[in-house]
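The values are calculated or read from the model by the stated rules, or taken from the named source; none is laboratory data. None of these values were measured; they are calculated from a predicted model. Virtual Cβ from ideal backbone geometry, glycine too; neighbours counted across all protein chains shown. SASA here: full protein model, heavy atoms, side chains in, ligands and nucleic acids out. Shrake-Rupley method; radii C 1.70, N 1.55, O 1.52, S 1.80 Å.
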Amino acid sequence: MRKRVLVTGGAGFIGSHLCERLLEEGCEVICVDNFFTGTKDNIKHLFGNPYFEFIRHDICFPLYVEVDEIYNLACPASPVHYRFDPVQTTKVNVLGSINMLGLAKRLKIRIFQASTSEVYGNPSVHPQPESYWGNVNPIGPRACYDEGKRCAETLFFDYHRQHGIDIKVARIFNTYGPRMHPNDGRVVSNFIVQALKNEDITVYGDGSQTRSFCYVDDTVEGIIRMMNTPRGFTGPVNIGNPEEVTILELARLIIDICGSRSKVVFMPLPEDDPVRRRPDITLAVKKLGWKPRVGLEAGLKKTIEYFEKVISTTGYDFKKGIDIG
Ligand code: NAD
Ligand code: UDP
């Protein structure tokens, strides 16, 4: 019997790669998405697969399906997107998590939560271990996402303690790769599109802030390994690549790989933009036997190849990044 797996947010960037991997592993996949930030393009190649099923649904409303496992990824992840509709962002994290946890409770099944490094906010501990409680502004423009994800973690752990739900929580750090939306406003997609068009590269602030970028295949491998750990290990566990770069270094690397004529321009730093971010992955190495395999340069090359294809087929005319119906 094939395992039947529900993936919420399955038409998004990471979710679509996860659906693909689960199908390859012989699972039956039910993908649920409301196309808030995801697109049909991300999953259209899966529609012919008899073991893939899509349901257009907003997880802020209850969902009745019969499945063996849930991966809960539904939530806009780009700051541009979550700031576009902050109330909906909090709702998907709180109401959406309650609905998915309720489903896991009724079915007595395991549930994975895609949490985030944003729970650490603007961290005063570096690199960030899972034991660090974070430094988050609860009323700032990023709070809908950061506090939403923190509350989702609280809900997962309370359902675990109160109802014995088998939970798996991973804190995912900045992930990049093919199927990021060209217009989604995240740094890797912005810089690549700008470099390929020989347009100015928009560095926010002085570019000295750091991030640690993980290639999507590595992230998906970490997610699946976390889901398959023995019962009793709940996490949270960091999934990310400890290779830390400044945003200015990233801009120069992308210009270099693309052979671009773009110039760097400096723009205002968004409010509450974290100064530095790098995962401590000791726990993931120990518990999941996992560490990233794809280095930044190699991952960027694959991502740039993808964007070159997108640009040659769309002629730079990308569909809008947000589908709010
Ligand atoms: P994404 O925006 O590409 O995907 C999110 C998906 O969720 C989209 O397809 C969107 O339409 C869907 N969605 C949003 N609200 C929904 C709702 N109410 N009901 C049903 N579907 C809904 O983002 P992503 O980068 O693929 O991120 C996936 C998950 O991983 C998110 O939970 C995100 O918070 C988490 N994460 C991502 C990163 C990253 O760097 N990409 C880092 C940390 C955590
Ligand atoms: N950033 C930038 N130029 C851009 C987009 C983003 O300099 O065109 C910066 C942003 O201010 C942040 C970093 O790149 O410091 C990562 O931003 P992103 O939105 O990708 O994710 P975050 O880690 O902030 O959630």
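Taking a quarter of the surface of the Cα convex hull of the range 107-184 gives a mean projected area of 7.1 nm².
Of Lys263/Lys302; Lys168/Lys301; Lys105/Lys168; Lys197/Lys302, which pairs sit farther than 20 Å apart, going by alpha carbon to alpha carbon? Flagged as over cut-off: Lys263/Lys302; Lys168/Lys301.
Note on Ile257 and Glu53: their simple-model spin labels are 3.8 nm apart, each label 7 Å out from Cα toward Cβ. Principal-axis analysis of the Cα atoms of the chain puts helix 216-227 at an angle of about 20° to the longest axis. Restricting the calculation to Cα atoms, the chain shows an Rg/Rh of 0.94 when the hydrodynamic-style radius is the Kirkwood one. Treating r as the C-beta distance of His163 and Lys302 and R0 as 41 Å, the FRET efficiency rounds to 0.50. Label positions at Ile139 and Lys197, each projected 7 Å from the Cα along the C-beta direction, are separated by 3.8 nm. Heavy atoms of the protein chains alone define the surface here; on that basis the chain has 43 Å² accessible area per residue at 1.4 Å probe size. Determine which residues of the range 55-96 fall in the zone a paramagnetic label at Tyr204 would reach in this model, i.e. backbone nitrogen under 16 Å from the point 7 Å along Cα→Cβ. Counting only backbone N, you get 76-86. The modelled label-to-label distance between Lys287 and Arg106, using points 7 Å beyond Cα along the C-beta direction, is 2.9 nm. By the rule of a C-alpha distance below 20 Å, with chain neighbours fewer than 8 residues away ignored, the lysines paired with Lys40 are Lys309, Lys319, Lys320. Bridging of Lys108 to aspartates and glutamates at a Cα separation below 15 Å is possible for Glu66, Asp68, Glu69, Asp166, once same-chain residues fewer than 8 apart are set aside. Of all DSSP beta bridges confined to the chain, the antiparallel ones make up roughly 10%. Apolar share of the accessible surface for the chain: 52 percent from carbon plus sulfur atoms, 1.4 Å probe. The C-alpha atoms of the chain define a longest principal axis, and helix 86-107 lies at about 30 degrees to it. Residues whose amide H comes within less than 5 Å of that of Cys60, counting only those at least five positions distant or on another chain, are absent (H built at 1.01 Å from N in the peptide plane).
Compared with the dominant principal axis of the Cα atoms in the chain, helix 13-24 is inclined by about 50°. Computed from the Kirkwood radius of its Cα pairs, the Stokes-Einstein diffusion coefficient for the range 150-297 at 4 °C and 1.567 mPa s stands at 77 µm²/s. The relative contact order of the range 82-158 comes to 44 percent, based on Cα pairs under 8 Å that sit 6 or more residues apart.
The helix-based estimate of mean residue ellipticity at 222 nm for the chain, built from -39,500 (n - 2.57) per DSSP H run of four or more residues and divided by its residue count, is -12000 deg cm²/dmol to the nearest 500. Once each of the GluC sites (Glu not before Pro) sitting in a DSSP loop with at most 12 other beta-carbon atoms within 10 Å is removed, the chain keeps 67-270 as its longest stretch.
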